[in-house]
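The values are calculated or read from the model by the stated rules, or taken from the named source; none is laboratory data. In this text the structure is predicted, and so the values were computed from the model without any measurement. Neighbour counts run over all protein chains shown; Cβ positions are idealised from the backbone, glycine included. Ligands, DNA and RNA are excluded from the accessible area calculation, which covers all protein heavy atoms including side chains. Shrake-Rupley method; radii C 1.70, N 1.55, O 1.52, S 1.80 Å.
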Amino acid sequence: MAGSFLRGRLLSLFDYKTEKYIVAKNKRVGVLYRLIQLSIIGYIIGWVFLSKKGYQETDEAIQSSVITKLKGVSATNTSESGLLVWGPEDYVIPPQGEAVLFVVTNFLETPNQKLGHCAESSKVLDGHCGDDKDCEEGRMVVAGNGIMSGRCLRKDVNSTGTCEIYGWCPVERKFKPQGPLLRNAENFTIYIKNFIQFSKFNFSKSNVLQTTDESHLKRCQYDEELQPYCPIFRLGDITRRAGYEFHDMDTFGASIGIMINWDCDLDKGFSHCHPKYFFTRLDITAFNKTIATGFNFRHARYFKNAAGESFRSLFKVYGVRFNIMVHGKAGRFSIIPTAINIASGLALMGAGAFFCDMVLLYLMKKGDSYRERKFEGSRNNTTSKSSGEEEDKAPTEQENLTS
């Protein structure tokens, strides 16, 4: 008996079970079901496969290298420095060319500073004093220029003075620039060389035209339609593409973001992978201006006189900071994402059928009739007192199930 039971269970493993379908003659539910099917098919084909390229394997881990080079010359003539000619080695910081660089457009100079004792600037609040007790010897001046010597320098006993400090004297001149000194800066050009690689697909490319013509980069300038592979930009054009005129930022400086985006469909081949450039101003919001706009910092140039004494000229420089950011994505056909998305679509089809079943069962007037045909019950009595009694009861039970 047990052997027969196990044999039956073993043989049942090779049975094929299929679903039983009931055709419901209901036009409203039928139209709803077709609309759901069409919507799912449209979503899978239109959005998943055509728009999002769901049949592709993608690589967003772009590896990038950026090299920059600026060209252009300007001249300044100030009372502190006299006539100076500025080249890229003077106005580009750092000069070797990186993805983040600063171009000087304006500056304030405090020339010939020497280490010694002098009065702190009156614009430094922590440097104000009423007597010598306010200038503790050896204490650093907060946001100041040196170390207090212990003396309070005043014009008279009734006036507020400033503490004497030991530092680079005379202290920095505190005033706002009235206009840009490097007036030709908007005509400077920046060359942005970008190499990218998608290691998953062993694909690499550059934003520079592959040509043997050595004069190509000397006579071209970027144009989205005519010269997309000549990454040489005029600074004035960059700021204009960001929505601002260069003269709006050359006095107090600014921060400009340059984004290079690579969206590569490798199924179309090497020639269909192009860089796209986007420009935005980063130091200002779209709604209001704040005191934080602009960009400046300080640096010094050191020298010695004939007697060997050390001096420096302090520069507070204003200019445009460029942040070059590279983003990208590459895709190529793969059977795995294709199969996954098709399976997801089939699963959504099943969800549509389930929804229509719920409508028929619980929202339609004849839901009870449909429920009787969709769900069938069965009862298996394995023990009986009398086989004759079971045979007599079976037809009655069958009638109850199907009535």
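Some points to look at:
- Charge dipole (the chain, unit charges on Cβ, about Cα centre) - positive-most of Tyr222, Ile165, Ser65: Tyr222
- Cα lying deepest toward the dipole's positive end in the chain, options Ser4, Ser79, Tyr244, charges on Cβ: Ser4
- Rounded to the nearest 20 debye, the dipole magnitude of the range 196-245 is 200 debye, with +1 charges on Lys and Arg beta carbons, -1 on Asp and Glu beta carbons, and the Cα centre as origin.
- Charge sum, other residues only, whose C-beta stays under 14 Å from Val104's C-beta, Lys/Arg counted +1 and Asp/Glu -1: 0
- Of the options (1) 45, 26, 17; (2) 76, 34, 19; (3) 81, 32, 21, only one is semi-axes √(5λ) of the Cα gyration tensor in Å as computed from these coordinates, and that is (3).
- About the Cα centre, charge dipole magnitude for the chain (Lys/Arg +1, Asp/Glu -1 at Cβ), debye: 740 debye
- Solvent-accessible area, 1.4 Å probe, carbon plus sulfur percent, for the chain: 55 percent
- Exceedance of the 28 Å cut-off in Cα-Cα distance is limited, within the set Lys71/Lys276; Lys200/Lys276; Lys193/Lys268; Lys133/Lys176; Lys176/Lys218, to Lys133/Lys176; Lys176/Lys218.
- Net charge, Asp126 excluded, C-beta distance under 13 Å - Lys, Arg +1, Asp, Glu -1: -1
- Summed residue charge, Cβ within 11 Å of Cys356's Cβ, Lys/Arg positive, Asp/Glu negative: +1
- Using a probe of 1.4 angstrom and keeping all protein chains present, the accessible surface of the chain works out to 65 square angstrom per residue.
- Around the Cα centre of the range 50-172, unit charges on the Cβ atoms of Lys, Arg, Asp and Glu (plus for the first two, minus for the last two) sum to a dipole of about 320 debye.
- Against the criterion of solvent-accessible heavy-atom surface with a 1.4 angstrom probe, His299, His216 sort, most first, into His299, His216.
- Table column - 3J(HN,Hα) (Hz), the range 236-248, Karplus curve with 6.51, -1.76, 1.60, x for Gly and Pro: x, 6, 4, 5, 5, 5, 7, x, 9, 7, 4, 5, 6
- Cβ-based charge dipole, the chain, positive-most Cα from Phe233, Gly146, Leu314: Phe233
- A 1.4 Å probe over all protein chains sorts Trp168, Trp86 by accessible area into Trp168, Trp86, starting with the largest.
- Here the range 16-77 and the range 164-191 have alpha carbon centers that stand 52 Å from each other.
- Kyte-Doolittle at least 1.6, axis length at least 24 Å by Cα - qualifying DSSP helices, the chain: 335-362
- Orphan Cys of the chain, criterion: no other Cys C-beta under 4.7 Å: Cys356
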